[in-house]
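Visitor: A single structure is presented below for examination.
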Protein chains: 2
Amino acid sequence: MPTQIRKTRQKDAIRAAFEEANRPLSTDEALVLAQKHVEGISVATVYRNISTLLEDGWLIAVEMPGGVTRYELSGKEHHHHFQCTQCAKVYELTGCAVQVKPKLPRGFRATGHEFYVYGLCADCSI
Amino acid sequence: MPTQIRKTRQKDAIRAAFEEANRPLSTDEALVLAQKHVEGISVATVYRNISTLLEDGWLIAVEMPGGVTRYELSGKEHHHHFQCTQCAKVYELTGCAVQVKPKLPRGFRATGHEFYVYGLCADCSI
DNA sequence: ATCGTTGCAAACTCTTTGCAGGATT
DNA sequence: AATCCTGCAAAGAGTTTGCAACGAT
C-alpha cells in the first residue's frame, strides 16, 4: 500500500502561490502569497511542502548567486534568470541566447554552466 | 587623528591564506589555511578581517549560486568562475569569452550579468 | 598606558525536525 | 478511526556581535 497523500488547504495555497506568481519564489515570498489563501499558515509548512513538491518534480530549485534559493514550476524549456537589483525579485528569461567559449585550465573538464542577468525590472524602471 | 590599524599575526595569516590559495576562498577555507600560520585563530576573527579587507578593497566577494560566498584578491581583470562539482572548490577562469543576447521583457533594463562554469577540476578529473 | 584586536559565547537568521493536536480520507 | 499534516517550539548551520582580556604601538 503506497503512502497516501492528503489534500489540504495549506498545500493548495502553496501550489496556488507558485502558479499565480509567474516567477521563481523564495520560501518567504511563497509564505506571504500562500497566507493570502490560508491565514496563519506556518513557515515550517511552506518548507515541508516545497521539499515535497521538489521530490515530486513539480518544482525545481533556482539558485541565485548571493541570495536565497528560489523555486519555480518545472517542465519549462531551458532558460536563464534575471534579478532586479532594486526589488530583488527574480524573473525567468526566455529566448536569451548565450554563446560560451570557456578556456579551462589544463586538466579541467566542463559539464555545464549557469548564466544570470541583473538590472531593473519593469516595476522598478519607472 | 585617523583611527590606527595594528599589525597582528592573525591578520597576516588571513592575508597569507588568500595570497597562497590562488583561488577564491570561503570563510571556512580561509580559516583552515590561516590556522596553518596561527594555531587557534577563531572564526570570528576570520569573519571580521574579511569584512575589513572587503571595505579596504583588498578582497572582493564571489557569490556562487547555491553556495557560500567566496572571496578573492581584488584588482584582477574581468573574469568568471568555475566550480568543481566534486570537491566544490572554486577557480578563476581567465579569457573565458561569453556572448550574450538577452531578450528582456518589456520595460526591463539589463545592467550586468554573471556566468559560471561547472565541471571537474584537474585534481578531481584523475 | 592607550585602545585596536582577539577569543569566547551569546545572539541572529535561515532552515530543519520532534512532537502533540488537528484534519482528511 | 487511522494516520497524514500542521503549528509550535526547539534544534542546527552559518554569520554577526558584546564584552573582557590581550597585545601592538
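Readers should treat all values here as calculations from the given coordinates under stated rules, not as data from a laboratory. From a predicted model like this one, the values you see are computed outputs, not experimental measurements. Cβ placement follows ideal geometry from the backbone for every residue including glycine, while neighbour counts extend to all protein chains displayed.
Visitor: Being away from DNA strand D (no atom under 12 Å from the Cβ), within 18 Å of residue B:92 (Cβ to Cβ), away from chain A (no Cβ under 14 Å) and of a type in the set (D, E, K, R) is the filter here, so list the residues in region B:16-38 that pass it.
Guide: Of everything in region B:16-38, those that are away from DNA strand D (no atom under 12 Å from the Cβ), within 18 Å of residue B:92 (Cβ to Cβ), away from chain A (no Cβ under 14 Å) and of a type in the set (D, E, K, R) turn out to be B:19, B:20.
Visitor: Also, I was wondering about something else. Taking the residues in region B:67-125 that are more than 8 Å from chain A (Cβ to nearest Cβ) and β-branched (Val, Ile, Thr) as candidates, determine which candidate is nearest to residue B:25 (Cα to Cα).
Guide: By that ranking, first place goes to B:90.
Visitor: Working only within region A:87-125, note down all residues that are more than 25 Å from residue B:119 (Cα to Cα) and in a loop (DSSP other than H, G, I, E, B).
Guide: Initial filter on region A:87-125 (more than 25 Å from residue B:119 (Cα to Cα)): A:87-91, A:119-125.
A:87, A:88, A:89, A:121, listed by residue number.
Visitor: Something else about it: Can you run down the residue pairs with Cβ atoms below 7 Å, 6 or more apart or on separate chains, where the first is in region B:1-29 and touching a residue at least 12 places away in the same chain (Cβ under 8 Å) and the partner is more than 15 Å from DNA strand D (Cβ to nearest atom) and part of a loop (DSSP other than H, G, I, E, B)?
Guide: Within 7 Å, the pairs are B:23/B:89.
Visitor: Can I ask one more? For region B:39-58, how many residues meet the condition of being more than 10 Å from DNA strand D (Cβ to nearest atom), more than 17 Å from residue B:75 (Cβ to Cβ) and exposed (fewer than 11 other Cβ atoms within 10 Å of the Cβ)?
Guide: Counting residues in region B:39-58 that are more than 10 Å from DNA strand D (Cβ to nearest atom), more than 17 Å from residue B:75 (Cβ to Cβ) and exposed (fewer than 11 other Cβ atoms within 10 Å of the Cβ) gives 2.
Visitor: Sticking with this one: Just checking, which of B:42, B:51, B:26 is among the small types (Gly, Ala, Ser) and within 30 Å of residue A:113 (Cβ to Cβ)?
Guide: B:26
Visitor: Hey, can you tell me all the residues within region B:59-84 that are more than 16 Å from DNA strand D (Cβ to nearest atom) and touching a helix residue (DSSP H, G or I) at 6+ places or on another chain (Cβ under 8 Å)?
Guide: The answer is B:73, B:84.
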